[in-house]
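Asker: Sharing a structure with you now.
The values are calculated or read from the model by the stated rules, or taken from the named source; none is laboratory data. Model, not experiment: these values are computed from the prediction. Cβ: placed from backbone, ideal geometry, glycine included. Neighbour counts: every protein chain shown.
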Amino acid sequence: MTTHDITDWFYQYNKDIYHFLIYYTASGDVEDLVQEVFIRAITAMDTFKEDSSPKTWLISIARHVAIDANRKKKRTRLKEMLTIDNVSEPKDDTTPEQILQLNEKHKRLYQAIQSLKKNYRDVIILRGVKELTVTETATVLNWNENKVRVTFHRALHALQKEKERFLDEE
Amino acid sequence: MKNDQYNELIEKIRSLPKPDYERHFNKERQDQIHQHLLHVTKKNKTPTNWFRRVAIGFGSLAAVLLFLIMIIPVDQNGTLDLGQTGSNRQFNDTKDIATRIQHELEIEATKGQVRELFGKPDAITPENSIEDVSHNSEVWNYHFMRTGNSFNDGNLYQALITGEMNAQLQVTWSSNLFKKKVSSYSIYYVKDEQILVDHVSMDGINHYYITPDGSRLSVDENDQQDEITYRKINIPVSLDQMIQLFRDKNLTIDPTEEDLPSIHGVEANGYHLKEGMLYVHQYTDDQLVSTVESEVKDTYVSSNSLAQAYQFNNMILVYKYTPTYSNIETVQDIRWKLNSIIDALIVASDVNNPHQ
């Protein structure tokens with residue numbers, strides 16, 4: 001990877017990655033993760049295929065970074081629960097809702113998306129929020145295109161129900 | 001799959017606001033990260049860094065070897081102990097892995113007995129299983145990893161097929177609150193480049209293959225109807241029209257003449273299709289074509305290949321394929337396209353001949 005490539009890719013896609021990570025991690029503290037995504041891209045540059053899209057490749061790295069970060073967060077919380085005397089305050093004081101400037105209507109939809117099961121959330125964020133094509137989504141998730149179509153359809157159905165449930169609870 | 005009924009919802013999702021970049025991820029912050037990345041790139045290019053990575057690699061390898069020699073107990077047969085915890089549980093002879101687990105683990109074993117055999121489970125939720133399991137039952141997952149690998153990314157199919165994982169054991173517990181016992185267990189492992197599952201319960205053992213999307217392919221000899229799907233469709237279609245439809249769907253279709261099968265003396269035309277073969281038998285006698293169903297199965301289904309067959313007015317069309325880990329997604333895609341071709345023909349035929 002040349003310096004020129006990094007500069008190009010970073011300035012072209014950093015907002016896309018930031019946006020994706022806000023949704024995927026449901027956390028407001030994702031700047032370090034954006035950096036981690038590009039560091040992993042630099043070290044894994046040999047695996048990038050020239051004919052594929054950098055955006056799709058970077059999003060699939062971002063997804064793995066987010067999964068790792070969520071696992072790490074869970075482990076840290078568990079550790080803190082086990083050593084009660086060492087409980088730290090959560091660091092991310094800015095919520096995704098604040099960063100995304102969500103109004104009440106948007107919040108309900110955002111919360112409904114976050115409450116979906118993992119497969120559904122994956123496909124809603126990629127196809128819905130990030131507006132990737134079926135082919136791009138299939139590449140990021142390592143699924144076939146048919147599975148993307150079917151899962152997206154099911155996810156929309158589940159999201160609709162979840163949204164209605166949120167409305168009923170209010 | 002049509003999402004028309006959800007268009008409004010899709011629009012709502014797409015209209016969710018973007019982050020306030022100016023306040024939370026502004027140019028200054030982006031420049032800081034960029035500077036750091038340039039530094040990392042430079043560091044990555046230096047020869048000392050390359051040398052250091054090789055040295056670290058050798059160091060890690062030595063440490064792993066030392067660990068294996070000192071820590072992992074080896075029994076008299078030279079095989080590894082089953083009772084290890086964490087993600088480094090291993091067998092030396094991976095060929096017999098399923099047999100050996102079945103030999104060790106009995107239905108109705110208690111939690112203590114299972115722990116004694118395999119140690120602490122690597123995961124207790126059913127999240128890592130390929131197929132859905134009952135939410136009422138607790139499932140213990142054990143990952144039998146190949147040396148030096150750990151199960152990080154959560155994709156069981158990939159881990160098995162790439163050889164990082166030798167097998168996964170999923171133990172399902174009975175829902176009895178007072179005395180939990182093994183109600184069934186499944187062993188996922190690779191056989192003939194496919195993921196085979198041995199499911200053991202009080203009723204005996206079932207075997208089936210798993211595809212990347214989680215669907216099952218039967219391997220049981222008594223359950224052969226899954227190995228061939230056969231549809232009789234009464235629509236007028238010529239071979240040329242059919243071939244054209246395949247080409248329209250971007251499925252390569254080059255004729256072949258090698259080893260063409262015959263049914264009731266009618267030899268097939270053979271075509272190379274992506275990840276499989278397409279065979280077409282054209283009959284002049286309509287009576288004869290209606291009696292060949294069982295012959296189609298006998299001719300095309302073998303131990304490691306599956307087939308999808310269609311009978312038209314005077315034509316038998318068979319798509320024969322051998323699913324392996326590397327082609328299974330293409331095979332699924334072709335099967336899906338094949339069905340869509342047939343559906344398109346049926347619709348076209350209904351429109352053209354409403355009274356047929």
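Asker: Which residue out of A:139, A:151 is within 22 Å of residue B:337 (Cα to Cα) and more than 11 Å from chain B (Cβ to nearest Cβ)?
Answerer: A:139
Asker: List, please: which pairs have Cβ atoms under 6 Å, are six or more places apart or on different chains, and start with a residue in region A:4-20 that is more than 9 Å from chain B (Cβ to nearest Cβ) and among the aromatic types (Phe, Trp, Tyr) and end with one that is in a helix (DSSP H, G or I) and crowded, with 21+ Cβ neighbours inside 10 Å?
Answerer: A:13/A:58; A:20/A:59; A:20/A:62
Asker: Given the criteria modelled with pLDDT of 85 or more and either in a helix (DSSP H, G or I) or more than 8 Å from chain A (Cβ to nearest Cβ) (or both), does residue B:32 qualify?
Answerer: It is true that residue B:32 is modelled with pLDDT of 85 or more and either in a helix (DSSP H, G or I) or more than 8 Å from chain A (Cβ to nearest Cβ) (or both).
Asker: Can you find a residue in region A:100-115 that is closer than 30 Å to residue B:161 by Cα, polar (S, T, N, Q), outside any helix (DSSP H, G or I) and at the interface with chain B (Cβ under 7 Å from one of its Cβ atoms)?
Answerer: The answer is no, given that none of the residues of region A:100-115 is closer than 30 Å to residue B:161 by Cα, polar (S, T, N, Q), outside any helix (DSSP H, G or I) and at the interface with chain B (Cβ under 7 Å from one of its Cβ atoms).
Asker: Moving on. Just checking, which of B:130, B:97 is at pLDDT below 80 and under 17 Å from the mean Cα position of the chain (by Cα)?
Answerer: Just one listed residue meets the conditions, B:130.
Asker: Within region A:37-60, take every residue that is crowded, with 21+ Cβ neighbours inside 10 Å, closer than 23 Å to residue A:100 by Cβ and not aromatic (Phe, Trp, Tyr) and give me the one that is nearest to the other protein chains (Cβ to nearest Cβ).
Answerer: Looking at the filtered set, the residue picked out is A:37.
Asker: Considering each residue of region B:278-310, count those that are in a strand (DSSP E or B) and either in contact with a Phe, Trp or Tyr (Cβ under 7 Å, 6 or more places away or on another chain) or farther than 18 Å from residue B:342 by Cα (or both), and give that number.
Answerer: 7
Asker: Quick check on region B:280-291. Is at least one of its residues crowded, with 21+ Cβ neighbours inside 10 Å and at pLDDT below 80?
Answerer: Taking every residue of region B:280-291 in turn, at least one turns out to be crowded, with 21+ Cβ neighbours inside 10 Å and at pLDDT below 80.
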